[in-house]
Each structure stands twice: as C-alpha cells, then as structure tokens.
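Read the structure below first, then the notes.
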Amino acid sequence: MASHGVRRYKITEKTPEEKERELRKINEYKSLERQVAEKVTAKEYSAETLQEISDLLSRNPEYYTVWNHRRQVLRHRFSKDELSSSEIAELISDDLTFLLPLLRSFPKCYWIWNYRVWLLDEARRLLPLDMSRQFWQQELALVSKMLTLDSRNFHGWGYRRLVVSTLQQIGTPTEAASLTQQEFEYAKKMIGANLSNFSAWHYRTKLILQLLEEQTASDEERRRMLNDELELIHQALIDPYDQSLWFYHQNLMCVFDPTLAPRTMAPNLSVSERVEYLRNEIVYIEEMLDGAEDCKYIYQALIDCMLSIAKVVGQLSTEDRSQILGWLSKVKQLDPLRKNRWLDFEKTLATL
Amino acid sequence: MALVSGPGRAAGTLSDQELHIAKHVAYIQNLDTRKDELEYWLTEHLRLNGVYWGLTALHLLGHPEALPRDQTIDFVLSCQNDNGGFGAAPGHDAHMLYTVSAVQILITVDAIDELDRRGLGGKQKVGSFIASLQNKEDGSFMGDQWGETDTRFLYGALNALSLLNLLDFVDIPKAVSYVQSCENLDGAYGVTPGAESHSGQVFTCVGALAIAGRMDLINQDRLGAWLSERQTDKGGFNGRPEKLPDACYAWWVGSSLAMINRLHWIDGKKLASFVLQCQDPEAGGFADRPGNMVDVYHTLFGIAGLSLLGYEGLQEIDPIYCMPKSVVERCLSQR
C-alpha cells in the first residue's frame, strides 16, 4: 500500500545516462501494459497473452486490474469444451506455481493472496472433490512456510484460517475434527518458537472453542481444558513484561466474567467456582510481583481479577476496594502514558 | 492529475518538533510531476486513493486550493467504469476502495452533483455498484466482483453511501451484525470473523458502527484499554501487540479512541512528537518511522493524527470519515 519500513536514502540528481535508462524502463513497462490491455479488450485469451500478463505482474504485483485480466484468461481456458479434469488441474497447478516466487517476494500484497484464493475456489468449482481437496491440502504446507518467514504476517494467518475452514467444509466430520487438533498442535508449536507471537495465541483461543465444540465437551471437560490453559499461561508468564502473554491471560479471565462467559470455553461455572478461581488467580499473580515490582501488567491483571469478583457477586467489598486502590496507585506511577485512563477508572471505581 | 509515489527523506529528530507545513504542501503538489520516474507508473493502481490522501492532507494543512479543482474533478470522473464504480485510474477496474475515494474527493471539493451532471448514471448508479457488493446473507461487503471480503470494504460502503445519502440501498442491520461477529474478547476487531484484532480493522468497524448509529454495541472501556495499550514507550502507536510503531496508526488508533471518547487515555504530546519525527523537514512528506522513506499515504495519516490531537495550525479532522470536519458537517447538514 505504501512504503513501509524502507530506509531513507539520499536522492541525488540523476546523470543523463541514468535518466535515459529510467526512461527506457518506463517505455518498456508502458508498452507491455498497452499490449496486455489491447489483447484483453480484443478478447485474445491466448497463451501468449497469459505470458505477457505474467511478465507484467512480475514487474508489478500490485496491479489489481491485471490480476482480473488473468482471471478472465484462465476462465476462458477452463471453459473450452473438450478440456478434461486433469488438463484443468494442470492449468491450475501451473498458475499456483507462478504465484510462489511473487508471494515470497511480496508477502504483504493483498492481490496475490486474493488471486490464489480465487484460483483454489476455481479448483473447487471445476474439479472432482478428491482432486480439488489435494490442491487445498497443499496450501497448508505453503502457508506454514510463509509463517516461518514472518510469524506475524496478517495475510498468512488469515489465509491459514481460510484453508483450514475450507478443508473442513469439504472433508468428513472426522477429518474436520482431526484437522482442528492438528491446528491446535501447530499453534502450540508457533507459540513455543516465540512466546510473544500473539497471532499464534489468538489462533489458540479460537481453536480451543472449536475443539470443545466438536467434542461436545461436558462442563467437566471444559473445566479441565481451562485448568490446563491456566497452567500453561502461568508457566509462560515467567517473563511478565510481555504484553502478548497478558492478552492471552485476559482472554482466559473472560471465563469468570459473567457478561463475557457465554463466549468462552467454560461458560457454565457457578458463582462460587468463579470466585474461587479468581481468588486463587489473585494469590498467584501477586506472587509474580516478587522481583517484578515495576511490571504494570501484573497490577492491571490484579485489578481486573478483583473487578470480576465484584461483578460475579454483585458488589465490591471495602477490603477488595482498598486493595484495588493500592494496585491502582502503583499502575498510575508505572504507566504515565495512560495516566488519564487510570484517573477515569478511579472515578468509575468510586461509583461501584 | 496523479499522485502517490514516494521518494523523499524522512529525517526528523527529537529536537525538530516543528510541523513543516509549506514543505508538505509542496511535496504533495509535486507528486504529479514525477512522470519521469518508473515508480510513478508502478503506483498507478493507487492513483485515486493518492488524490484523496493528498487532497485531504492539503485541506488539513489549510491549503485546499493547492490542487486544481477542475482537474481533480475531471480525473475522478475519468476513473468511472460502466458499472458505476471507480477504478484507481482510467482503464483500471472498478473496486470499492477507489469508489469510496472518488466519493470522498467529490464531497471534499463540493462537486458531488457532477456525478449527476457528467457521471455515468449519477449518484444512484454509484450507490447501486456499492450495494451490489453486499453479501445478502451475512451483511459483509466484497471489494469487487471477485469476492475478497474484509471489514475495510464494509466501512467504505457505509462511508460513501452515507455521504451520498443512500444508506437505504443496503441492509444496515445485517452489516452491523457482521461487524459484531468480527469482535474479539479483547474488545477489538479483526478483518473477518475469527481474525486477530488489528487497529486498522478497529477503525473500520468502529467507523461503520458510528455511521450506523450503533456505538452502544461497543464495549468501550475494554476496547479503549486495548487501543491505549497500542502506545509504545517512544510515543508512537503500533497496530497489534508486540509490533513496531508506525505513524499511520496515529490515525487508525487515534480516530478509534476519539470515536469512543477516549483519546485522552494516551499521551498526546508523546504521540505528536513521534509523528513529527517521521516527517522529512527538507523535502516534505511523512514516513512510517523516523528515518524511512516518505509517501503520501503516511503523509495524510500522520497529519490526520496530529489534527486529531488538535495540533496548532491544522484544520480539524472528522474521526469517522477521515475528511475535514467542516466538509463532513456541510455535507450531512444538506439533508
């Protein structure tokens, strides 16, 4: 979209030779662009046109209109009467291969990802299920590779979710369930590689809900999952300065918030269970302060837990309030950037 | 008429905290004179967005006349396709992103009637193009006929249709529930249901709910907390947890905070300081980070961020529409 992360360089006046060279490049590009436009207007959907489109897109993968031209050419070729499934599959396969180097060089280009999805949807539309499934299946390996290169790539994660959900739609329920489990392992692996990777943590939150749903898990099983997750995040929080971990922690704490609980992994805990969990959590988090007294996230989490207790039982006791005030004074001191947020909170607290 | 591509040198330092208005105006005006650079031609697919970015920045900088109005209107109209939608430049396919820019530009230069006078099928046809991209089942919007779905397009649709006074062309309750389905437990929003929260998508989702009059659906304290945590120690905002700050998030995060009345939850002085360090004090323009190449996209969103903060010498921006507040007020009051 724009030049993200490009270091500045000194712009110097171009020599006549450099100007000449630039001009030549412009003319070359413009004439290629013109050729493609003319052929597409004339509906000349030949192999040669496709080649020129490939050239143009390799020079400029952001040229969305030319991606649309490519779709038109491909659609035309797919619709030739005597084409067999394996011939169509070959066309699709060639095109997927063409995209690979572009994706590697421009992993944040929306249009390439979109085009790839379109192509795979065409496979689904035109080919027998077992053949199209193979295409979709291969995408998991590709996207894993892309996410190894950049583990926060937004497009990569979105693409992964799409591939998985499509495979689940076209597979049997058993296949779908085992894929969820497989993805859960994948997210775990990505978290293991880098605890700060919130994209992977986020994926985990969604997969847990899906897993439990697929297993039609009982409340007891859901509670067990919750306990495992609490244990996991407690271990990870050995580094309490990492924001990603605290957002995952916050996500888990939603289980105990009566208004958010219905959207979480354990929606049916009783009032006393919620309070017990929260009280235990407060004890646990307070211990983290030892050696990390300057970590604002700890105080924030403590405040959130205490507020949740008040929500669950319907009132805030004097003792709990004074604890919150104590933690709040630390946060105000440690978090000057968000000073007004804490002052606003202090006012709200007075009304609780 | 054309704009977009980059080269210039962002180079602010902490000691340089002045907004170089004249330089930025000149930078934007000169974007269209760079036809001898390959980059100019390689960015043609952004041209109409570029005009919107440049024009809006000029309005905020107090130089609305710095681009020739007639040529601007002619260029916009030359980008219209037979289906009523607009492409990035003449000959480029129609897409939501450029159609929204076209409407925003015409409203900004007070020339929306030109659509009825000289456009293909008038305002109605533009509205129909946008409406044709709504998924009737779930309320989401596609970018074009090829099917990409993203909350950016939903916001764009509501933005443009409300400016055209044609919101009744689409199913607003369904669009609203789609936005809700993109909400995560952290109170923020993603690009589609299930996607990780992202500041850019927060802007689009909150903006869409603001236009639809459904701000009551937002968990404002929770979202405000997530948004305010986007401010990093150096003052700049990042787009997601544990990512680097970028000047454009001064807008995406800042406007979202403003829409939920919590812009005061962050340190505005430090944010402004970061944004100012992203400008090129010599050749004008803003970059994503201090020391990087400038471009017109970051130039608008850097300036828009400063405008939100009430920076002296800038016109006020509307946090919902990303257009000058006076323009939006004029447009909406003509109903």
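Every number here is computed from the coordinates shown, using simple stated rules; none is lab data. All of these numbers come straight from a predicted model, not from anything done at the bench. Cβ placement follows ideal geometry from the backbone for every residue including glycine, while neighbour counts extend to all protein chains displayed.
The length gained by stretching the chain between A:SER272 and A:THR15 to full extension, at 0.36 nm per residue less their Cα-Cα distance, is 84.7 nm. Helix A:64-78 and the long axis of chain A differ in direction by around 60°, with both axes built from C-alpha atoms. Proximity of backbone amide H atoms, modeled 1.01 Å from N, is registered between B:VAL294 and B:GLY8, B:ARG9, B:ALA10 at under 5 Å, excluding neighbours fewer than 5 places apart on the same chain.
Note on A:THR259/A:ARG321: beta-carbon distance plugged into 1/(1 + (r/R0)^6) with R0 of 25 Å gives a FRET efficiency of 0.75.
With the simple spin-label model, which puts each label point 7 Å out from Cα in the Cβ direction, the A:GLN169 to A:ARG34 separation comes to 4.3 nm. Once backbone amide H atoms are built at 1.01 Å from N, B:ASP318 has B:MET323, B:LYS325 as its partners under 5 Å, excluding neighbours fewer than 5 places away on the same chain. For the peptides B:182-195, A:216-229, residues were scored by their other Cβ atoms within 10 Å and the scores averaged per peptide; the highest-first order is B:182-195, A:216-229.
For peptide B:288-295, the mean count of partner chain Cβ atoms within 10 Å of a residue's Cβ comes to 5. For the pair A:ASP219 and A:LEU149, a Förster radius of 41 Å applied to the C-beta separation gives a FRET efficiency near 0.50, rounded to the nearest 0.05.
Ordering B:LEU308, B:LEU271, B:ASN261 by Cα displacement along the dipole of region B:253-335 toward the positive end leaves B:ASN261 in first place; charges were set at the Cβ atoms of Lys, Arg (+1) and Asp, Glu (-1). I'd like the distance between the alpha-carbon centres of region A:318-352 and region A:246-286, rounded to an integer number of Å. Their Cα centres are 21 Å away from one another. Backbone phi angles across region A:82-91, fed through the Karplus curve with coefficients 6.51, -1.76 and 1.60 (θ = phi - 60°), yield HN-Hα couplings of 7, 6, 7, 4, 5, 5, 4, 4, 5, 4 Hz in residue order; Gly and Pro are listed as x. Which angle between 0 and 90 degrees, to the nearest 10, do you get for helix A:318-334 versus the longest principal axis of chain A when only C-alpha atoms count? Relative to chain A, helix A:318-334 is tipped by roughly 50 degrees. With a/c under 1.5 counting as rounded, go ahead and sort region A:186-265 into rounded, prolate or oblate using the C-alpha gyration tensor (a ≥ b ≥ c being the square roots of the eigenvalues; past the cut-off, prolate if a/b is larger than b/c, else oblate). Because a/c hits 1.5 or more and a/b exceeds b/c, region A:186-265 counts as prolate. Remark: for residue pairs A:LYS108/B:LYS35; A:LYS296/A:LYS332; B:LYS23/B:LYS325; A:LYS206/A:LYS296, the C-alpha separation exceeds 18 Å in A:LYS108/B:LYS35; B:LYS23/B:LYS325; A:LYS206/A:LYS296. Between A:ARG104 and A:ASN194, residue separation times 0.36 nm minus the direct Cα-Cα distance comes to 30.2 nm.
Inverting the pair-averaged 1/r between distinct Cα atoms of region B:214-276 gives 11.6 Å as its Kirkwood hydrodynamic radius. Computed 3J(HN,Hα) for region A:294-300, one whole-Hz value per residue from the Karplus formula 6.51 cos²θ - 1.76 cosθ + 1.60 where θ = phi - 60°, is 9, 8, 5, 4, 5, 5, 4, glycine and proline marked x. Each peptide in A:296-304, A:108-116, A:336-344 gets a packing score, the mean of other Cβ atoms within 10 Å over its residues, and the list from highest to lowest is A:296-304, A:108-116, A:336-344. Projected onto the charge dipole of region A:112-236 (+1 at Lys/Arg Cβ, -1 at Asp/Glu Cβ, origin at the Cα centre), which of A:LEU179, A:VAL117, A:LEU127 gives the Cα projection farthest towards the positive end? Selected residue: A:VAL117. Along region B:195-212 the Karplus relation, 6.51 cos²θ - 1.76 cosθ + 1.60 evaluated at θ = phi - 60°, assigns HN-Hα couplings of 7, 4, 4, 8, 4, x, 6, 4, 4, 5, 6, 5, x, 5, 5, 5, 5, 6 Hz to successive residues, with x for each Gly and Pro. So what's the angle, to the nearest 10 degrees on a 0 to 90 scale, between helix A:110-126 and the longest Cα principal axis of chain A? Long axis of A:110-126 versus the principal axis of chain A: about 80 degrees. Between the residues B:ILE112, B:MET142, B:THR99, the greatest Cα displacement towards the positive end of the dipole of region B:88-144, with unit charges on the Cβ of Lys, Arg, Asp and Glu, is found for B:ILE112.
Averaged over its residues, how many other protein chain Cβ atoms are within 10 Å of peptide B:36-46's Cβ atoms?
6
At R0 = 35 Å, how high is the FRET efficiency between A:VAL313 and A:LEU232 if r is their beta carbon distance? Nearest 0.05 is fine. Plugging the Cβ-Cβ distance into 1/(1 + (r/R0)^6) gives 0.80. When +1 charges are put on Lys and Arg Cβ atoms and -1 charges on Asp and Glu Cβ atoms, the dipole computed for chain B relative to its Cα centre reaches about 380 debye. Peptide B:182-195 is shielded by partner chain Cβ atoms: per residue, an average of 5 of them sit within 10 Å of its Cβ. The calculated 222 nm mean residue ellipticity attributable to helices in chain A amounts to -25000 deg cm²/dmol, summing -39500 (n - 2.57) over DSSP H runs of n ≥ 4 and dividing by all residues.
For the protein assembly as shown, the Cβ-based charge dipole about the Cα centre amounts to some 740 debye (Lys, Arg positive; Asp, Glu negative; other atoms uncharged). Put simply, the amide H of B:PHE141, placed in the peptide plane, has neighbours under 5 Å in B:ASN135, B:ASP150, B:LEU154, leaving out anything fewer than 5 places away on its chain. How large is the charge dipole for region A:196-352, taken about the Cα centre, if only the Cβ atoms of Lys, Arg (+1) and Asp, Glu (-1) carry charge, to the nearest 20 debye? Rounded to the nearest 20 debye, it is 680 debye. So which aspartates and glutamates can A:LYS30 reach, going by Cα to Cα under 13 Å and dropping same-chain residues fewer than 8 places off? Reachable aspartates and glutamates: A:GLU22, A:GLU38, A:GLU52, A:ASP55, B:ASP36, B:GLU37, B:GLU39, B:GLU44.
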